[in-house]
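The values are calculated or read from the model by the stated rules, or taken from the named source; none is laboratory data. Since the model is a prediction, treat every value here as computed from it, not as a measurement. Glycine gets a Cβ as well: all are built from the backbone with ideal geometry, and neighbour counts include every protein chain shown. Protein only, heavy atoms only, side chains kept; ligands, DNA and RNA dropped before computing areas. Shrake-Rupley method; radii C 1.70, N 1.55, O 1.52, S 1.80 Å.
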Amino acid sequence: MEKVRLAILGQGRSGRDIHGAYIRTMPELYQVVAVVDPLEDRRNRALEEYPGCEVFAHHSELYGRKDIDFVVNATPSHFHVPVTMDLLSHGFNVLCEKPFARYPYEVDAMIREAKKNNVVLAVFQQSRFAGYFQQLQKVLASGVLGRIVQISTRANGYARRWDWQTVQDYNAGSLLNTGPHAMDQVLALLGFPEDPMPQVFSVMDRANTFGDAEDFVKVILKTPGKPLVDYEISACDAYTGYTYLVQGTQGTFTCTNTEAKWRYFKPEEAPRQQLVRTPLMTADGLPCYCREQLTWYEDSWTATPEEADIFHTATHQLYQTVIAAVKEGKPLVVTPEQVRLQIAIMAECHEQSPLSRLV
């Protein structure tokens, strides 16, 4: 089979340690033909880690090449939009890292540019393919939890941070850095509602960061006819707890990234009840609490080693959808239009909770 020929922009934590790490495990499928990074030591290392590749200091040195199936844009966050626009205008298919953009109008511009040049524009939101999230979708689809009332998701931990990902000028902060993963997932669960867009309530704060961007985020999303979403990212939570807690009228689902369990009852087996307006009493006339005996069922899921390795397995699945779009013209699973809603919500969060900037 003919190899997929890639160029990677950036050899930092994302370009090298996520995209590069995945690509290097599958030399039979991929060939990195070019690596771009402004740092010479990273370019020199790339020559060793991607045999046969060429290295460049600026992405413009790729212009005119016809041997690249798609370009991975893993530059720092504030370069995602301008670099992607440049690549699209020069006829490259692009897989852009998150955050896709800072504002929805920037997403609109990239979508227009991709259509104008008849190229593929994809977004690296691989968490849509994470095993725990796919298991959650299966349980919800089964209906055993009844009507879903609230979806709570957490991306918490305790951390102090002082790198460029803490600076607003670089499109950094927890919402744009960590937030796209769960935001993409919960919007998928809601069906990407755009008319109307979810009502947003947001609070952001600086807790343990040494920069000027937020490291605590609380977002509530309310959409007519949909479950309430409680979405949190915190750098001051030493008890990380769950990734998801989903509450339904017939049961509850909870999970981490590697384990899930859900508890539910079957309505047809539940005692028949009706509203009683008079005080409840025991058989001997004493006051009593309103309670009943339900038969509960429990199921669980444990990730396989492959499912637990999200940065490989979920990345592979997303890459396969991009390859199918580039090579066969198939529709993307994660579309720019879907991610635009995410960016619009995040922009509203920043509007509601503006933080001062470093001078």
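Okay, here's what the table says:
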item	result
Filtered residue count, segment 265-286, keeping only those that are outside any loop (DSSP other than H, G, I, E, B) and surrounded by 10 or more Cβ atoms within 10 Å (Cβ to Cβ)	3
Matching residues, segment 291-306, being more than 30 Å from P267 (Cβ to Cβ) and open to solvent by less than 60 Å² (accessible area, probe 1.4 Å)	A303, T304
Selected residue (only one of S77, S89 is among the hydroxyl-bearing types (S, T, Y) and either more than 27 Å from V186 (Cβ to Cβ) or modelled with pLDDT under 95 (or both))	S89
Count of segment 168-189 residues which are closer than 11 Å to D215 by Cα, open to solvent by 10 Å² or more (accessible area, probe 1.4 Å) and of a type outside the set (G, A, S)	2
Test result for C288, of a type outside the set (G, A, S) and modelled with pLDDT of 95 or more	no
Residue tally, condition hydrophobic (A, V, I, L, M, F, W, C), open to solvent by 30 Å² or more (accessible area, probe 1.4 Å) and closer than 19 Å to C96 by Cβ, over segment 29-85	3
Segment 123-152: number of residues that are of a type in the set (G, A, S) and not in a helix (DSSP H, G or I)	4
Residues of segment 323-349 that turn out to be more than 18 Å from P99 (Cβ to Cβ), in a helix (DSSP H, G or I) and in contact (Cβ under 8 Å) with a residue 40 or more places away in the chain, as a count	4
Of all residues in segment 194-239 being assigned to a strand (DSSP E or B), open to solvent by less than 70 Å² (accessible area, probe 1.4 Å) and of a type outside the set (A, V, I, L, M, F, W, C), the one that is nearest to L145 (Cα to Cα)	D230
Search result, residues across segment 63-79 that are assigned to a helix (DSSP H, G or I) and either polar (S, T, N, Q) or more than 29 Å from the chain's Cα centre (by Cα) (or both)	S77
Qualifying residue in segment 302-314 (condition: among the polar types (S, T, N, Q), part of a helix (DSSP H, G or I) and in contact (Cβ under 8 Å) with a residue 12 or more places away in the chain)	yes
Candidates M197, M183 - the one that is in contact with a helix residue (DSSP H, G or I) (Cβ under 8 Å, 6 or more places away or on another chain), modelled with pLDDT under 95 and of a type in the set (A, V, I, L, M)	M197
Residue in segment 158-181 that is without any contact (Cβ under 8 Å) to a residue 24 or more places away in the chain and either of a type in the set (G, A, S) or assigned to a helix (DSSP H, G or I) (or both) present	no
Exclusive hit being of a type outside the set (V, I, T), more than 17 Å from N171 (Cα to Cα) and in contact (Cβ under 8 Å) with a residue 24 or more places away in the chain, set F129, F100	F129
Of all residues making up segment 15-71, the number that are farther than 25 Å from H316 by Cβ and among the hydroxyl-bearing types (S, T, Y)	2
Positions within segment 107-160 being over 22 Å from Y242 (Cα atoms) and open to solvent by 40 Å² or more (accessible area, probe 1.4 Å), in sequence order	D108, R112, K115, K116, N117, N118
Members of segment 206-250 found to be without any contact (Cβ under 8 Å) to a residue 40 or more places away in the chain and either of a type in the set (S, T, N, Q) or under 24 Å from P354 (Cβ atoms) (or both), listed by number	A207, K218, I220, K222, T223
